[in-house]
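Asker: I'd like to ask you about the structure that follows.
The values are calculated or read from the model by the stated rules, or taken from the named source; none is laboratory data. On a predicted model such as this, the values are computed, not experimentally measured, just so you know. Note that we place each Cβ from the backbone using ideal geometry, even for glycine, and neighbour counts take in every protein chain shown. SASA here: full protein model, heavy atoms, side chains in, ligands and nucleic acids out. Shrake-Rupley method; radii C 1.70, N 1.55, O 1.52, S 1.80 Å.
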Amino acid sequence: MSSTKPVNKNSPISPIVIGVLFSTYFLTVQTIEYSLSNYVLNENQVELYRKYLLFKGNSSIWHWWHLLSLLTIPLAVFEACSDLVRIFTKKYPLKRTLMSIIRAIQLFSTLFISFGHTVSLEKKFIETNSKDILVELNYYQSLLFLLNIIAWFIPIIQYKQAQENPEPIHEKKKSQ
């Protein structure tokens with residue numbers, strides 16, 4: 001007898017596509033930012049990173065695209081908070097509960113580092129062009145890079161878990 005659980009074949013694929021699409025976009029942007037900050041530190045071309053930050057701030061297309069991508073933040077926060085509320089209102093398997101917690105930690109850590117540290121350091125770096133600030137900025141870029149890698153895997157893992165366990169545990173017991 002096989003110990004594998006039946007997979008829910010009726011589960012739509014769209015949640016994974018949307019999650020992977022957004023996480024791929026943010027991971028790509030973060031890869032560029034982290035790669036460039038590493039490059040300018042290794043090659044001692046601090047002014048190049050300052051020029052990149054000025055370009056980012058002054059480019060009209062990037063500015064509007066960035067504002068558009070920021071609209072995804074309230075949606076992500078709402079979804080992560082909804083997942084956390086579901087932990088207390090419904091009984092899901094331990095793996096699914098842990099993924100909801102990991103997702104919330106990843107999202108809120110990313111937001112805290114981005115808006116709490118990186119944005120202010122970038123503004124300070126533009127003004128002073130200090131290598132010390134760039135080293136600190138590079139450290140936060142590396143953390144954001146790792147958090148974005150985690151974010152890329154989360155929708156894939158959650159989709160797989162949803163296929164294996166599409167409904168809460170107590171609802172399964174009632175239906176049997």
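Asker: Pull out the extension gain between GLN163 and SER109, defined as 0.36 nm times the separation in residues minus the alpha carbon to alpha carbon distance; nm, one decimal.
Answerer: Extra length from GLN163 to SER109 when fully extended: 16.7 nm.
Asker: Sketch the reach of a paramagnetic label on LYS124 as a point 7 Å from Cα along Cα-to-Cβ, and name the residues of region 137-165 whose backbone nitrogen lies under 11 Å away.
Answerer: Inside the label zone: 137.
Asker: If I model region 21-164 as equal point scatterers sitting on the Cα atoms and use the Debye formula, what is log10 I(q)/I(0) at q = 0.11, 0.20 Å⁻¹?
Answerer: Calculated log10 I(q)/I(0) at the listed q: -0.48, -1.22.
Asker: Sticking with this one: Compute the FRET efficiency between THR72 and HIS117 as 1/(1 + (r/R0)^6), taking r as their Cβ-Cβ distance and R0 = 25 Å, and round to the nearest 0.05.
Answerer: Numbers: r = 20 Å, r/R0 = 0.81.
Calculated transfer efficiency: 0.80.
Asker: Using the beta-carbon distance between LYS95 and GLU47 and R0 = 45 Å, what value does 1/(1 + (r/R0)^6) give for FRET efficiency, to the nearest 0.05?
Answerer: Step by step, r from the Cβ atoms, then E = 0.40.
Asker: What's the carbon and sulfur percent of region 65-112's accessible surface, probe 1.4 angstrom, rounded to a whole number?
Answerer: Taking all protein chains in place, region 65-112 shows 79 percent carbon and sulfur surface.
Asker: Here is a further query. Say the dipole of region 1-159 comes from +1 at the beta carbon of Lys and Arg and -1 at that of Asp and Glu; which of ILE73, ILE126, VAL29 then lies farthest toward its positive end?
Answerer: Value: ILE73.
Asker: Need one number: nm distance between label points at PHE88 and SER59, each 7 Å from Cα along Cα→Cβ, rounded to one decimal.
Answerer: Spacing of the two 7 Å Cα→Cβ label points: 4.3 nm.
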